[in-house]
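A short write-up of the structure that comes next.
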Amino acid sequence: MKEQELLAEIQKLREDYLAAYETMTVKEIQSHNSAIEDLQSQLSDLLSEDAINCPNCGAKPYGILKTPVIEVGGAIEKLPIYEVGCIVCPPFEKDGFRISYGSRGNTPEKAVENWNKGLLISVPTPK
Ligand SMILES: [Zn+2]
């Protein structure tokens, strides 16, 4: 499945859950949750395709869509921001910056490219 199809499927499962959770059995809820987790894992794999393993610990990176595109009356409200990064390594501080083991881009390919180049997310540490 492609990104938009996966996002639509996840959204649909969440809506189904909200509409029916009061009458669902524990088993049904568990099966529902694992279906969502499976789709999210497929989405993560898709968004981090071709990304190298974490340069620090060697873990397989995740890929996520940080800011979903919201269309209101045909107008796009927000640009998407994709992030590829390591779920294992904690952020660290260096030269007044807080650096996270992750990279961003406006497309999945750009986020992967930045990650593969080692362009990590860094924000100034608040004083
Ligand atoms: Zn790592």
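All of the numbers you see were taken from the coordinates with simple rules; none came from a lab. Computed from a prediction, not measured in an experiment: that's the story for all the values here. Here Cβ is always computed from backbone atoms with ideal geometry, including for glycine, and neighbour counts include all displayed protein chains.
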In 5 Å bins starting at 0, how do the alpha-carbon pair distances of the chain split up by percent?
-> 2, 10, 16, 17, 16, 14, 11, 8, 4, 1, 0
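In what order do Val26, Val88, Val112, Val123 fall by count of nearby beta-carbon atoms within 10 Å, going from fewest to most?
Working: Val26 7, Val88 13, Val112 22, Val123 10.
Result, fewest neighbours first: Val26, Val123, Val88, Val112.
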Over the chain, relative contact order from alpha-carbon pairs under 8 Å, at least 6 apart, % | 18
0 to 90° range, to nearest 10: angle between helix 3-20 axis and the chain longest Cα axis | 50
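Using the eigenvalues of the Cα gyration tensor, what equivalent ellipsoid semi-axes result for the range 1-67 when each is taken as the square root of five times the eigenvalue, whole Å, largest first? Write down the numbers at each step before the final one.
Numbers: eigenvalues 165, 39, 14 Å².
They are 29, 14, 8 Å, listed largest first.
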Taking a straight Cα-to-Cα line shorter than 14 Å from Lys127, and setting aside same-chain aspartates and glutamates fewer than 8 residues away, one finds Glu93, Asp95
Return the distance in nm (one decimal) between the two label points of a simple spin-label model at Leu18 and Asp45, each offset 7 Å from Cα along Cα→Cβ.
-> 2.8
By how many nm would the segment from Lys94 to Lys66 lengthen if fully extended, with 0.36 nm per residue of separation less the alpha-carbon distance?
-> 7.6 nm
If the chain between Asn116 and Glu5 were fully extended at 0.36 nm per residue, the gain over the current Cα-Cα distance would be 37.3 nm
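Only Lys, Arg, Asp and Glu count, each charged at its Cβ (+1, +1, -1, -1), so figure out the dipole size of the range 3-124 about its Cα centre, rounded to 20 debye.
Details: 11 positive and 19 negative charges, 111 e Å.
That gives the range 3-124 a dipole magnitude of about 540 debye.
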In the Gaussian network model of the chain, springs joining C-alpha atoms below 10 Å, which of Pro80, Pro61, Pro108 carries the largest mean-square fluctuation?
-> Pro80
